[in-house]
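Structure record follows, encoded as structure tokens.
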Amino acid sequence: MNTEQIVTITQNWVEQLVVGLNLCPFARAELVNQRIRFEVTQATDESGLLVALKAELLLLDQQPGVETSLLIHPQAVTEFGDYNQFLNLVDDLVEAGGWQGVYQVASFHPDYQFGGTEPGDAENYTNRSPYPMLHLLREASLERAIEDFGDTEQIPERNIELLEQIGSQRLAALLAACFDSASG
């Protein structure tokens, strides 16, 4: 896959699953207003990914018009266990760079699995994506969105209930369809 195809597949995922299923009620406005940055890194290991992450955080510092960024890393930290451990390094970088409280990094991976769940449980699809990625969010914007939305505590429960109704097989098919539409 080339970079353009990876971005298209990721955009399809945001449109069809994240926004289409309303998993994140804040995402629609950013998608419509084209304030989501889709950045694919060629990093192949943890150190390269940390360099790419730092560059992306610096870019967000420089470009306030970019509301949020998806740092897609299809070649680095591809095994979920390694990815999950890598998130500790992400937290360390955010803290060392003075970005704690400025940015929040959310995690998405094709094999995402919450603690206490089975790999095939539907609720894991709230954080399953076509490729491993780090989602960089501006804390101030997130706080405003939470204030505007109101009862955000109900979002995870609502998402789990919805995804369980849809079922793992259908969710896997929806995720796979994101790839199909980019192959042309």
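Table for the structure above
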read-out: Glu4 over 16 Å from the mean Cα position of the chain (by Cα) and of a type in the set (Asp, Glu); value: yes
read-out: Single match in Glu39, Glu30 (criterion: closer than 21 Å to Asp111 by Cα and among the charged types (D, E, K, R)); value: Glu39
read-out: Filtered residue count, region 62-82, keeping only those that are modelled with pLDDT of 95 or more, under 13 Å from the mean Cα position of the chain (by Cα) and not in a loop (DSSP other than H, G, I, E, B); value: 4
read-out: Residues (small (Gly, Ala, Ser), surrounded by 14 or more Cβ atoms within 10 Å (Cβ to Cβ) and at pLDDT below 95) located in region 21-54; value: Ala27
read-out: Scope region 96-148; condition within 22 Å of Glu15 (Cβ to Cβ), among the polar types (S, T, N, Q) and part of a loop (DSSP other than H, G, I, E, B); matching residues; value: Asn127, Ser129
read-out: Lone qualifier among Leu87, Leu142, Leu162, Leu171 - being modelled with pLDDT under 95, under 17 Å from the mean Cα position of the chain (by Cα) and surrounded by 12 or more Cβ atoms within 10 Å (Cβ to Cβ); value: Leu142
read-out: Hits in region 34-45 - residues which are in a loop (DSSP other than H, G, I, E, B) and either touching a residue at least 12 places away in the same chain (Cβ under 8 Å) or among the acidic types (Asp, Glu) (or both); value: Arg35, Thr41, Gln42, Ala43, Thr44, Asp45
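The values are calculated or read from the model by the stated rules, or taken from the named source; none is laboratory data. Everything quoted here is computed from the prediction, not taken from an experiment. A quick note on method: Cβ atoms are made from the backbone with ideal geometry, for glycine too, and the neighbour counts reach across all protein chains shown.
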